[in-house]
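The values are calculated or read from the model by the stated rules, or taken from the named source; none is laboratory data. Predicted, not measured: the structure shown is a model, and the values here were computed from it. Here the Cβ is made from the backbone with ideal geometry for all residues, glycine too, and neighbour counts use every protein chain on show.
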C-alpha cells in the first residue's frame, strides 16, 4: 500500500513522566503553603510573595501554576474539600454505629491533617468569583450532609443522644477545621492526645452510655 500522497506529521513528544510528577508535587506544595498562610494571616493579608518565600521560590514561579491569588485560594478550597470527602467516604464504607463513624471520622481527619497539613476553612470564601463560590458552597453542603447522616444514624441506633444534627455538625466541623490554627504549637502534640481531649469535650456529651 502506498502512502506517498498522505502528509505525515511528526508526533509530539509526551511530557516526561518525571517532569509531570515534579510539577504536580510543586503544585501541591504551593497549595499547602498557601492554605497555611491564609489560615494564619487571612486571605487579605496572605501574599503570593510571602507564599513563595516559604518555599524558597520567587513569586514569578507561582504564576507558572496559578494566574493570581484568587485562583490559588480556589485551588486550596478544592484541595481541602477533596481531602475531607475522601475521609468521609472511607469512614462511611467502614460501617459501624453512628457514634463509631463519628469517632473514626475525627481520628482519620486528624491523621490526614498531620500528614498533609491543615485544611482551609470553607466557611468564608467571599473573596472567590461567583461561579467559584457556588461550586464550593454546593460541594461543602454535600459533605456536611455526610456528617448529619452519621449523627442521625447514631440517634437511630441509640449510640448518640438526641440532638439537633445540623447544629452539632457545624460545631464538629468548626472544631476540626480550626484545630490546625488553635493547637499547632502544643509541645509533643499527638493524635491520641487530641482524641482524648475531643472525647472529653464531645463524646461524653453525645454518647448515650455516659450520664449528662
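Per this entry, residue 199 is not counted among residues that are outside any helix (DSSP H, G or I) and at pLDDT below 90. Considering only residues in the range 107-128 that are buried (at least 19 other Cβ atoms within 10 Å of the Cβ) and more than 13 Å from the chain's Cα centre (by Cα), the one that is nearest to residue 195 (Cα to Cα) turns out to be 125. Taken residue by residue, the range 120-131 has at least one member that is under 24 Å from residue 189 (Cα atoms) and at pLDDT below 95.
Within the range 57-103, being more than 21 Å from the chain's Cα centre (by Cα), part of a helix (DSSP H, G or I) and within 27 Å of residue 170 (Cβ to Cβ) holds for 98, 99, 100. Among the residues in the range 106-120, are any part of a loop (DSSP other than H, G, I, E, B) and under 17 Å from residue 90 (Cβ atoms)? There is at least one residue in the range 106-120 that is part of a loop (DSSP other than H, G, I, E, B) and under 17 Å from residue 90 (Cβ atoms). Residues that are exposed (fewer than 11 other Cβ atoms within 10 Å of the Cβ) and modelled with pLDDT under 85 occur in the range 21-44; there is at least one. Summed over the range 92-120, the residues that are closer than 29 Å to residue 38 by Cβ and free of Cβ contacts under 8 Å to residues at least 40 places away in the same chain give a count of 4. Take the range 161-189 and flag every residue that is over 23 Å from residue 120 (Cβ atoms) and modelled with pLDDT of 85 or more. Hits for the range 161-189 are 161, 162, 163, 164, 165.
Taken over the range 49-58, the criterion of being more than 22 Å from residue 81 (Cβ to Cβ) and either buried (at least 16 other Cβ atoms within 10 Å of the Cβ) or touching a residue at least 12 places away in the same chain (Cβ under 8 Å) (or both) is satisfied by 50, 52, 54, 55, 57. Taking the conditions (1) free of Cβ contacts under 8 Å to residues at least 60 places away in the same chain; (2) farther than 29 Å from residue 161 by Cβ; (3) in a helix (DSSP H, G or I) in turn, residue 125 satisfies each one other than (3).
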